[in-house]
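Nothing in this text is a laboratory measurement; each read-out follows from the coordinates by a stated rule. Everything quoted here is computed from the prediction, not taken from an experiment. Using ideal geometry, Cβ is built from the backbone for each residue, glycine included, and neighbour counts are taken over all protein chains shown.
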Amino acid sequence: MKTNVKIWLARTLILVVTFFNLECAISFLANPAAYAPAYELTGEIGSAMIQSLGLLFIMWNVPYVVAIIHPVKHKLSLIEAATMQGIGVVGETLLLLGFPGGHPILASSVIRFIEFDGGGFLLLIVALILTRGKRQKDV
């Protein structure tokens, strides 16, 4: 496969992950009351907490956006994005394993994030593989 095609495929994979991450962030910001109960949160405090997560999701996506611009020239941003996504999967899994019983809705929400972040992690790993061995001067 030609280098240019690989770069565009990697860029597309990163874009997919970024799109879903930002879609989640915007949903949390725009309608926090809809998501708060899934985390056993209520009222204004629950909504504020969900909106805070939405803001964090936007902040965390900065390296993803930089990697989309050019995944070879900005390889460090792609590595950071994949690392962040992997930390999410591992951290969420550890949280889930430590949950006491009796919180099925919360556990279900964390499982959705594990699946969500796990899928994104796999796509970013594929993007890294596609750009492996490529140097800035080659593109």
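Between LEU78, LEU128, LEU106, the residue with the greatest mean-square fluctuation in the GNM of the chain (Cα pairs under 10 Å linked by springs) is LEU106. Modelled spin labels at VAL65 and MET1, positioned 7 Å past Cα toward Cβ, are 2.7 nm from each other.
Scalar couplings 3J(HN,Hα) for region 112-119, obtained by applying the Karplus form with A = 6.51, B = -1.76, C = 1.60 to θ = phi - 60°, are 4, 5, 4, 5, 4, 5, x, x Hz; x denotes Gly and Pro. Just tell me which aspartates and glutamates come within less than 20 Å, Cα to Cα, of LYS6; anything on the same chain fewer than 8 places away is out. Hits, sequence-local ones excluded: GLU80, ASP138. In plain terms, the C-alpha convex hull of the chain casts an average shadow of 8.5 nm² when viewed from every direction.
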